[in-house]
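First up is the structure itself, then whatever we jot down about it.
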Amino acid sequence: MKTTIILTQAIFFFASAMSAQEATLEKPQPLTFEQLAKTTVKKPPSSMLHKAMESVRGAEADENPILEFPEELRKLDGKRVTIPGFLAPYMDPDNMTKLLLIKAPVGCFFCNPPQQNGVVLVRLAAKEKPINMDIVTITVEGTLHLIQPDCKDEEAQQFFFTIDDAKIIFHH
């Protein structure tokens, strides 16, 4: 009888602990390219030196752009998200652990590139197997990061957004 009570209490404790653990696991939030597209680039005002360079070079002087992320994206920064899209290779198309996620397929990424706020650098979790270009339509689940000016990650600095520790959900 005493063993039955102890066993029942242990099962109840284990079940309660599992329920608490499941409750703390964060459910990924849906993310869309429409939300990403609301990110804008705000350039700081040009100095006299920049204006002089512009007139000599015949082009806009290089300035560090400041990104303005909408509140809805700032709330998702550092959180698990899911976003459907099309993949474009970032490195080796036959063995990708990093890829670009875009809203729509493009025939030639260099001829008809998407806007910079329409591209997400995706880096697969270490436990995920590399994928190849045979799969085109996917959903990515991972941790969203909005790139800030003080970002030390040189690879990420080329993008407005990254999704790290990602896994791929395939659509067939």
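What follows draws every value from the coordinates through simple rules; no lab data is involved. Every value quoted in this text rests on a predicted model; they were computed, and no experiment measured them. When we count neighbours, we look across all protein chains shown, and the Cβ atoms used for this are built from the backbone with ideal geometry, even at glycine.
Here the residues L101, L124, ranked from fewest to most Cβ neighbours within 10 Å of their Cβ, fall in the order L124, L101.
Say the cut-off is 18 Å between C-alpha atoms; which of K27/K75; K103/K127; K27/K103 go over it?
From the list (K27/K75; K103/K127; K27/K103), the Cα-Cα distance tops 18 Å for K103/K127; K27/K103.
Remark: the stretch 150-161, residue by residue, has Karplus-estimated 3J(HN,Hα) of 8, 5, 8, 7, 4, 5, 5, 4, 7, 10, 7, 9 Hz, where x stands for each Gly or Pro and the curve is 6.51 cos²θ - 1.76 cosθ + 1.60 at θ = phi - 60°.
Bridgeable lysines around K152 (alpha carbons under 21 Å apart, same-chain partners fewer than 8 residues away excluded): K42, K43, K79, K98.
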